[in-house]
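Colleague: Below is the structure I would like to discuss, written out as C-alpha cells.
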Amino acid sequence: MTQAKIATLPEEANLVARTLRKEVLEMSAYHVADAAGMVKLDAMENPYSLPENLRNELGRLVTEAPLNRYPDPQASRLCAALKASMQVPAGMGLLLGNGSDELIQLLALACARPGAKMLGVEPSFAMYPIVARSCGLQFVGVPLTRNFALDTTAVIESLQRHAPALVFLAYPNNPTGNLFAAETLERVIRNAPGIVVIDEAYHPFAQTSFLPRIAEFPNLLVLRTLSKLGLAGLRLGMLIGAPCWIDELNKLRLPYNVNVLTQLVAERVVASEDVLAGQAAAIRAARDELLAKLRNIDGVEAFTSHANFILFRISGAGRVFAGLMKRGVLIKNLAGAHPALADCLRVTVGTAPENAAFLAALEQSICP
Ligand SMILES: *Cc1c(COP(=O)(O)O)cnc(C)c1O
C-alpha cells in the first residue's frame with residue numbers, strides 16, 4: 001500500500017538541514033525497481049527455490065526457533081560450518097554481516113579517519129561509493145580500460161597519489177561480469193598502503209578465488225555472500241582475513257547483527273551445500289548458452305561473464321529496456337550509470353523458461 005506523503009514545511013526542512021550531516025542530505029535513497037508480476041532478471045538472484053524436503057526441514061527449524069531469545073552473538077556454529085564449507089585457511093578469522101553490504105559499511109566505518117579515502121574502479125559495484133560517502137570517506141574511482149580490464153598503471157598511480165585506507169575490487173566485477181587478471185590484482189595488493197578487499201560475491205559462478213592465498217598478503221581481506229548463491233533474502237555476508245583485522249572490525253559490529261532465523265537456516269542449508277552447488281552449475285551452463293544466443297542477435301554486443309549475469313550493449317538501450325518492461329521482463333538499465341556503460345543493459349541468468357522469455361521479448365523490443 002502506498003501512503004500519501006505529508007508535505008514538508010519550510011521550518012521542518014530547515015531543522016533537518018541544520019541537524020543532519022551534509023553527506024546524508026546530498027545522498028539519494030537506494031532505489032529498487034518494483035518487480036511485481038514481472039519475469040525478474042534484474043538483481044542477480046538465483047532463480048531456483050530449495051528442494052521441498054529441505055524447505056520442510058527449514059520450516060520445522062523456524063517453528064522451533066527460540067525467537068524470544070537474542071541470537072548467539074558470535075554465531076559460533078554457523079561460523080564453524082561456513083569456515084569448513086569455504087575452506088577458510090587455518091588461523092584466519094571470519095566476520096559475519098547482515099549481507100556483505102553491512103561488512104562493506106563496517107570496513108568503511110573502521111577506516112573513516114579524517115581525510116581517509118576509499119579506492120575502487122569504475123564501473124563497479126554501486127555500493128562502494130555510496131558507503132564511502134555515507135561514512136565520510138572520499139571515494140576515488142579509477143576508470144577501467146575500454147574492455148573493462150583493470151588499468152594497472154592508473155590504479156598504482158592512484159594508490160601512490162591518494163594512499164587509500166581501503167581498496168574494493170569485485171572479482172568478478174559487477175556490472176561488467178569479467179575477472180580481472182590475478183597477477184594484476186596481486187600487484188595492486190602489494191602496492192596498496194592499506195586494506196584491499198577482494199569482493200567475491202560471484203564466486204559460485206567464477207570458481208576462482210584469492211581465499212586460498214589470503215595468508216600471502218597481510219593487507220588482503222576476502223568478502224563473500226550467500227546472496228548470489230541462492231539466499232539473497234536471508235542476508236548473510238562473510239569477511240575473511242587475519243585475526244588482527246577481524247578482531248578490530250568485530251568491535252564495531254552490532255552484537256546481534258545476524259538474527260536467529262538467519263543463523264539456523266544458513267547453518268542447515270550449508271550442511272546441504274551440494275544443492276546450491278548444483279544450482280550454481282546449472283546457472284553457469286545457462287549463462288554460457290544465453291551468452292551464445294545474445295551474440296547471435298544482430299546489434300547486440302554481449303560481454304563475456306564469469307558471474308550469473310550478462311552485460312550487453314545495444315543501440316537505443318533505453319527504448320529496448322522499456323520494450324522489455326512492457327513485455328513483462330525486468331532487467332537492469334545501466335545506461336546513465338557511467339559513461340563506459342552507455343547503451344548497456346544487464347540481465348541476470350534465470351531459469352530456462354525465463355531466459356527464453358527474455359530473449360523473445362528482446363527480439364520483439366528490437367524490431368517492434
Ligand atoms: C550483490 C553484491 C554484493 C552484496 O551482496 P549482499 O551480501 O546481498 O549484501 C556485494 N558485492 C558485489 C560485487 C555484489 O554484486
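Colleague: Given the conditions (1) in contact with an Asp or Glu (Cβ under 7 Å, 6 or more places away or on another chain); (2) away from the ligand (no atom under 16 Å from the Cβ), report the number of the one that LEU78 does not fulfil.
Modeller: Of (1) in contact with an Asp or Glu (Cβ under 7 Å, 6 or more places away or on another chain); (2) away from the ligand (no atom under 16 Å from the Cβ), only one is false for LEU78: (2).
Colleague: Hey, another quick one. Across segment 200-228, what is the total count of residues that are assigned to a helix (DSSP H, G or I) and within 10 Å of the ligand (Cβ to nearest atom)? Full working, then the answer.
Modeller: Of the residues in segment 200-228, the ones assigned to a helix (DSSP H, G or I) are 203-206, 211-216, 227-228.
This time we only want the ones that are within 10 Å of the ligand (Cβ to nearest atom), so: 227-228.
So the answer is 2.
Colleague: May I ask you to list the residues in segment 4-45 that are β-branched (Val, Ile, Thr), open to solvent by 90 Å² or more (accessible area, probe 1.4 Å) and outside any helix (DSSP H, G or I)? Lay out the reasoning, then the answer.
Modeller: So in segment 4-45, the residues β-branched (Val, Ile, Thr) come out as 6, 8, 16, 19, 24, 32, 39.
Filter once more, so that each one left must be open to solvent by 90 Å² or more (accessible area, probe 1.4 Å): 6, 8, 19, 32.
ILE6, THR8, VAL32 - these are the residues of segment 4-45 that are β-branched (Val, Ile, Thr), open to solvent by 90 Å² or more (accessible area, probe 1.4 Å) and outside any helix (DSSP H, G or I).
Colleague: Just to verify a result, which residue in segment 236-253, among those that are open to solvent by 20 Å² or more (accessible area, probe 1.4 Å) and within 15 Å of ALA108 (Cα to Cα), is nearest to the ligand (Cβ to nearest atom)?
Modeller: Initial filter on segment 236-253 (open to solvent by 20 Å² or more (accessible area, probe 1.4 Å)): 242-245, 247-248, 250-253.
Now drop any that are not within 15 Å of ALA108 (Cα to Cα), which leaves 245, 248, 250-253.
Working: TRP245: 18, GLU248: 21, ASN250: 18, LYS251: 21, LEU252: 17, ARG253: 15 Å.
By that ranking, first place goes to ARG253.
Colleague: Being free of Cβ contacts under 8 Å to residues at least 12 places away in the same chain and more than 11 Å from the ligand (Cβ to nearest atom): is that true of ALA116 here? Before you say what the answer is, go through the steps one by one.
Modeller: Numbers: free of Cβ contacts under 8 Å to residues at least 12 places away in the same chain: no; more than 11 Å from the ligand (Cβ to nearest atom): yes.
Considered against the rule, which asks whether it is free of Cβ contacts under 8 Å to residues at least 12 places away in the same chain and more than 11 Å from the ligand (Cβ to nearest atom), ALA116 comes out as no.
Colleague: Now for a different question. Show the residue pairs that are 6+ apart or on different chains and have beta-carbon atoms under 7 Å apart, the first residue being within segment 138-161 and closer than 23 Å to ALA112 by Cα, the second being in a loop (DSSP other than H, G, I, E, B).
Modeller: That search, which allows pairs on different chains as well, returns VAL140/PRO164; VAL142/ASP151; LEU159/ALA192; LEU159/PRO193.
Colleague: Then there is this: For a quick check of your reading of the model, give me the residue pairs whose first member lies in segment 245-274 and is under 20 Å from GLY93 (Cβ atoms) and of a type outside the set (A, V, I, L, M), whose second is open to solvent by less than 60 Å² (accessible area, probe 1.4 Å) and assigned to a helix (DSSP H, G or I), with beta-carbon atoms closer than 7 Å and at least 6 apart or on different chains.
Modeller: Partner pairs satisfying both residue conditions: GLU248/ALA110; ARG253/LEU106; ASN257/GLU102; GLN263/LEU78; GLU267/LEU78; GLU267/ALA81.
Colleague: Now, a different point. Go over the candidates LEU166, LEU179, LEU137 one by one and state the one that is under 19 Å from the mean Cα position of the chain (by Cα) and farther than 16 Å from LEU220 by Cα.
Modeller: Numbers: LEU166 fails: farther than 16 Å from LEU220 by Cα; LEU137 fails: under 19 Å from the mean Cα position of the chain (by Cα).
Criteria check complete, one pass: LEU179.
Colleague: Looking at VAL258, VAL269, which one is among the hydrophobic types (A, V, I, L, M, F, W, C), crowded, with 18+ Cβ neighbours inside 10 Å, in contact with a Leu (Cβ under 8 Å, 6 or more places away or on another chain) and outside any loop (DSSP other than H, G, I, E, B)?
Modeller: On the way: VAL258 fails: outside any loop (DSSP other than H, G, I, E, B).
Only one candidate passes the filter, namely VAL269.
Residues checked against (1) touching a residue at least 24 places away in the same chain (Cβ under 8 Å); (2) away from the ligand (no atom under 13 Å from the Cβ):
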position	(1), (2)
LEU106	yes, no
ALA112	yes, yes
PRO129	no, no
ALA170	yes, no
ASN178	yes, no
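The values are calculated or read from the model by the stated rules, or taken from the named source; none is laboratory data. Here the structure is a predicted model, which is why all the values come from computation and not from measurement. Please note: Cβ atoms are built from the backbone with ideal geometry, for glycine as well, and neighbour counts cover all protein chains shown. These area figures cover heavy atoms from the full protein model, side chains too; ligands, DNA and RNA do not enter into them. Shrake-Rupley method; radii C 1.70, N 1.55, O 1.52, S 1.80 Å.
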